Each structure stands twice: as C-alpha cells, then as structure tokens.
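Visitor: One structure follows; several queries about it will come next.
The values are calculated or read from the model by the stated rules, or taken from the named source; none is laboratory data. Owing to the predicted nature of the structure, the values given are computational and were not obtained by experimental measurement. Cβ: placed from backbone, ideal geometry, glycine included. Neighbour counts: every protein chain shown. Remember, those area values only see protein heavy atoms, side chains included, never the ligands or the DNA or RNA. Shrake-Rupley method; radii C 1.70, N 1.55, O 1.52, S 1.80 Å.
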Amino acid sequence: MNPPTETNQATDKSLEAMRYFSETYAKRTGTYFCSDLGVTAVVIEGLAKHKDDLGAPLCPCRHYEDKEAEVRATYWNCPCVPMRERKECHCMLFLTPDNPFVGTEQDISFDQIRETTSQY
Amino acid sequence: MSAAEAITDSTFKEEVLESPIPVLVDFWAPWCGPCRMVSPVVDKIAIQYEGQVKVVKVNTDDNPAVASQYGIRSIPTLMIFKDGQRVDMVVGAVPESTLATTLEKYL
C-alpha cells in the first residue's frame, strides 16, 4: 500500500537538486524541455517530492501498487530505463527535437518552477 | 472549477459502471506534468458532449483500487466505459481532436 498523497510541494533542497539534475541531463542527452514549461515545473516538483518521501526520484507519471518496492526495483527512478536506453520520457520532461511538444529550453529556474507549482 | 466530477474507489461502480450514458474517465496523479495538459482538454470535452458523455476524474494516488483493477500504469490514461465495460483507452497527452474522434465511436 502507498501512503496517501496530497499535492504538497517538495523541500527546497530536493527541488533544487532535481532542477539542477534536469538541466544537466537535458544538455548531456541533447534533449529539451516541453514548450509548456509548466509541464516541466510540475514533473520536477513531483520528482523532488518522491525524493523527499521515498529517497529516490521515482517517476511521477506512473501508477504503482507499492512505491517503496518500485524504488528498490530502480527501473522507474529518474532517469528511467526507457529514457537511458531510448530517450523515451512519457512524463515529457526530456523531449527529443522531433517531438511535437518540444521547446527550446534546457534551463529552468527555481522561481519558475515554484511560480507554477504554487498554484496547485 | 473543473467540469469533470471527481470519482473515488467507493463511488466508481455507481458513477461509472452503472451510468446510463458512456463515461470518459481521466486517471491522473498530482505531480504528473502531462496530466496538467490533458485536464483542460477533458474539461472541454465535458462541456462539448454534455448530456451525451459523462466525464469524471480519478486521482490514482488516492484511489489505488480502481487504478489497479484496470491496470493503470502510465499516467495520464483516459478510459471510455460503456454499459459497465471498458471499451477504449488513450494513454498520454493527446490533442482534443484525437480524444473526440475516439469518443464519437461510442455515442
């Protein structure tokens, strides 16, 4: 069973860690953020929240029977196996240039993220 | 205010399976980016097809029984139910036209 979740924000420390990881990983893999940076912001907040709650940035765009078991299995810890092997990110955090939703950014600031996620 | 009603594990049977008209179910989770893209599309569909299709949302984190029963893995997942049966499914962020075309098959 998973603990009940609420739309709470992550700690500043985890958010900054995942924000920095996302920028670095996009640049390293030649991928870009979504043209709607609100999507990017929500996913980074979700990764940071899982890092706080579970100790690892489990993908926030999947349903799991048991989140703690999934963290131990590592397959869906970001960057997940499909991303590492085939640059497939169904969460739309890292998009290849041929994706219809791709934008031009590989950077997003802490304040940009919180500006979006504070609305929820 | 969302046009789609929030459904839970305990209301799913009555609101979805026993609905006299087809139901579009949006399975979402709180910090899922593409879910935020799909949500306004689903709301538009709810208004456009009012009376013909019932549109509801299920938070999979809070309602794991229904999510597990229907094998939800990737989120967002949109499912169409008719006469208590799942008849179609769309996974991921899709444009309104794709969703409308899928839905039209069951009206």
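Visitor: Which Cys in chain A stand alone, with every other cysteine's Cβ at 4.7 Å or more from theirs?
Guide: A:Cys34, A:Cys59, A:Cys78, A:Cys80, A:Cys89
Visitor: Continuing with the same structure: For B:Arg86, what charge total do you get from the other residues with a beta carbon under 15 Å from its beta carbon, if Lys and Arg give +1 and Asp and Glu give -1?
Guide: 0
Visitor: Please work out the Cα center distance from the range A:64-117 to the range B:32-107, rounded to the nearest Å.
Guide: Here the answer is 22 Å between Cα centres.
Visitor: If you don't mind, there's one more thing I want to ask. Where in the range B:56-73 does the label zone of B:Leu17 land, with the point 7 angstrom along Cα→C-beta and an amide N cut-off under 14 Å?
Guide: B:65-71
Visitor: Rounded to two decimals, what ratio of Rg to Rh does chain A give with C-alpha atoms and a Kirkwood Rh?
Guide: Ratio value, two decimals: 0.94.
Visitor: Return the sequence-ordered ³J(HN,Hα) values of the range A:66-82 in whole Hz as given by the Karplus equation 6.51 cos²θ - 1.76 cosθ + 1.60 applied to θ = phi - 60°, using x for Gly and Pro.
Guide: My calculation for the range A:66-82 gives 8, 5, 5, 5, 5, 4, 5, 6, 6, 4, 9, 6, 6, x, 6, 4, x Hz in order.
Visitor: Looking at the calculated P(r) for the range B:1-99, what percent of the C-alpha pair distances fall above 18 Å?
Guide: 39 percent
Visitor: Could I ask something else about it? Please work out how much length the chain gains when fully extended from A:Ala73 to A:Arg28, using 0.36 nm per residue of separation minus the C-alpha to C-alpha distance, in nm with one decimal.
Guide: Length difference between fully extended and current span is 13.7 nm.
Visitor: Now, a different point. In the range A:1-76, which GluC sites (Glu not before Pro) are in a loop and have at most 15 other Cβ atoms within 10 Å, using DSSP for the loop call?
Guide: In loop regions of the range A:1-76 (DSSP not H, G, I, E or B), the sparsely surrounded GluC sites (Glu not before Pro) are A:Glu6, A:Glu65.
Visitor: Determine the relative contact order of the range B:5-104: mean sequence separation of Cα pairs under 8 Å and six or more apart, normalised by residue count, in whole percent.
Guide: Across the range B:5-104, relative contact order equals 38 percent.
Visitor: Here is a further query. For A:Glu16 paired with A:Asp66, estimate the spin-label separation in nm (one decimal), with each label point 7 Å from Cα along the Cα-to-Cβ line.
Guide: It works out to 3.6 nm between the two label points.
Visitor: Give the percent of DSSP beta bridges with both residues in the range B:5-104 that are antiparallel, rounded to the nearest 5.
Guide: Of all bridge pairs located within the range B:5-104, approximately 60 percent are antiparallel.
Visitor: If only Cα atoms are counted, what is the Rg of the protein assembly as shown, and what is its Dmax, in Å?
Guide: Here Rg and the maximum Cα pair distance are 17.5, 52 Å.
Visitor: How charged is the neighbourhood of A:Gly38? Take every other residue with its Cβ under 13 Å from the Cβ of A:Gly38, and add Lys/Arg as +1 and Asp/Glu as -1.
Guide: Every neighbour counted, the sum reads -2.
Visitor: Applying 1/(1 + (r/R0)^6) with R0 = 30 Å to the Cβ-Cβ distance of B:Ala100 and A:Asp98, what FRET efficiency is obtained, to the nearest 0.05?
Guide: Calculated transfer efficiency: 0.75.
Visitor: In Å² (nearest 100), what accessible area is buried between A and B, both sides summed, heavy protein atoms only, 1.4 Å probe?
Guide: Interface area, both chains combined: 1900 Å², rounded to the nearest 100.
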